[in-house]
Amino acid sequence: MRYDIAGLIIDFQTDLKNMPEEFTSYVSESDGAADCEVDFLQCSEVSPPQGRFLYEDGLKWYTHDENEDGFSVYLSTPLYPFGPVCKLTAAEDWRQVSIEYIKDLSDQQLAVFKFFSNIVIRNLILLHQGIILHASAIKWQDKGIAFTAPSGTGKSTQAQLWEAYRGAAVINDDTPILKRSAEKITIHGTPWCGSSHKHLNTSAPLNTIIVLEQSNKNSLHRLQEPELSSCLLPRFLLPYHDQRLMDLALGHIARIIASTPIYLLQCRPDQEAVELVHKVILNELDAG
């Protein structure tokens, strides 16, 4: 089955009886060459690493083999002491990917698929002028607004307030894609949308990024360096396993920072916080 996610055609070949519901609206009828082909298969056991260890972030990243052509990514769990339970193998350009999982995980196929397919897109998109931001993204009057902060700060709450008071639509409530072009930055919905399951297969020109902090009063100010980078950089999903991809990611972020107004909103979860941001957006439009 083929899917169009932020303009990328991804062909998933899988033994799943049903794909995750979130993917339904991204189905593509394209019969051209796919940007990425992913095989998702059950196996009796996962073969051990053959390449050089690179990085650990809950997963263990290795070069694919001694020639260091591509990557192998392993997931282990204390509940299964006999070795890794899942393995992702990717070519260096992420055009060919295989995901293997042991049969003991057959009752968790959907969770495994969502988790590892997200790893595919967060690396693949870097090669196509994009990057994933940990954020709740909304579309209001064809303008994209991203609320970003550490988990539990209130990103989803602010998105919900904009739904309630300004009629906004949630593009994605966890991992939207920001994509560069010569003219603008565009924010895109994806099927990886956190526990709220809110997402839309749509996009909008990115108008503003709002970094959130909880506070007992509402205030808003535009971020400048060095405060800007320290607030925003940790919110992007970065490829610490690969210097080449990291260089691309940092280039995308630099372009986003240079072309997008970014604000710190210290706020309560109330309508006044919505109106503060709304006023700033109108001022930006008037200034433009």
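Between beta-carbons, use under 13 Å as the cut-off and find the net charge around E22, counting Lys and Arg +1, Asp and Glu -1.
Counting the neighbours of E22, the net charge comes to -1.
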Practice task
Largest first and to the nearest Å, give the Cα extent of segment 6-152 along each principal axis.
Solution key: 53, 33, 33
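Hey, got a sec? Which trypsin sites (Lys or Arg not before Pro) in segment 167-249 land in a DSSP loop and have at most 16 other Cβ atoms within 10 Å?
K184, K217
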Handout entry: Spatially close lysines, pair count over the chain: Cα under 23 Å, gap of eight or more or interchain
Key = 29
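Considering every pair of different Cα atoms, what Kirkwood radius, in Å, is found for segment 131-287?
15.5
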Problem - With Cα atoms, 0 to 90° folded angle of helix 243-259 axis to the chain main axis - result: 20
Handout entry: Computed over the chain, Cα set: Rg, Dmax in Å
Key = 19.8, 62
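Taking R0 as 45 Å, what's the FRET efficiency between Q50 and Q141 from their Cβ-Cβ distance, rounded to 0.05?
Efficiency, from the Cβ-Cβ distance: 0.30.
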Problem - Shape box of segment 159-198 [Cα atoms, principal axes, largest first, Å] - result: 34, 23, 9
Handout entry: Cα-based helix-to-principal-axis angle, 271-287 vs the chain, degrees rounded to 10
Key = 80
Problem - Calculated [θ] (222 nm, deg cm²/dmol) that DSSP helices of n ≥ 4 give over the chain, each run adding -39,500 (n - 2.57) - result: -7500 deg cm²/dmol
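Read-outs: derived from the displayed coordinates by stated rules, not from any lab. Here the structure is a predicted model, which means the values were calculated and not measured. No Cβ is skipped: glycine too gets one built from the backbone with ideal geometry, and neighbour counts run over all protein chains shown.
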